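Since the structure comes first, as structure tokens, the remarks are kept for the end.
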Amino acid sequence: MMSRKLLGWLLISFVAAGSAVYQLSNRGQKSTIVTPATGSAVPSGAVSGSPAPSAVSTPEPVPAGTKPVTIPPSGWGRNPFLTVDEINKALEPPPLIAAAPPVERPVEPSPVPPYEVTAIISSANGSLAVVGDRIVQPGDKVGSETVKAITAHGVVLESGGRTRELPLKRFEDTVKKKETKQP
């Protein structure tokens, strides 16, 4: 039993020592990947630095139109399972895409707020109106609109050259609406 444990520990230490010696001996060597230049075909045997099939290791000639890529001694820094085509695609600059001209949308007028004219007071000095919860006279601002005139039937508002008239809300109309809403 003791000899099996000893044999196991010896085997593990031998593998660890062999791995350390291999890493130390290959520390100064750099591997290179030869990638084709744009527009040329992928050459066979594009990865150099791998062991040659013959017993004598000779460097492979670099085909014309290719550029070598060196791998740093610290490691790949990328996925080692990428194919040569995937590497070449990653090295290509992204295609330039022309930006589409901005679409000009017609400017829609902002929706006008629903004001209600609940009272109009006329006198020799001028007219006043109750619009919403404010008392206004000609020239006053109601939101973004200006009171242009106050007539016996409503208030004329102006905004950006456009005018609209707010009719005077009759008391009878208010009473009828409330009666129809009650069950």
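Order of Lys89, Lys169 from fewest to most other C-beta atoms within 10 Å? Walk me through the intermediate numbers first.
Working: Lys89 10, Lys169 15.
Lowest to highest Cβ neighbour count: Lys89, Lys169.
Arranged by the count of other C-beta atoms within 10 angstrom, fewest first, what order do Ile120, Ile12 take? Mind dumping the intermediate values first?
Working: Ile120 17, Ile12 10.
Result, fewest neighbours first: Ile12, Ile120.
Taken together, the values in this text are just the output of simple stated rules run on the coordinates, not laboratory data. What you see is a predicted model; the values in this text were computed from it and never measured. No Cβ is skipped: glycine too gets one built from the backbone with ideal geometry, and neighbour counts run over all protein chains shown.
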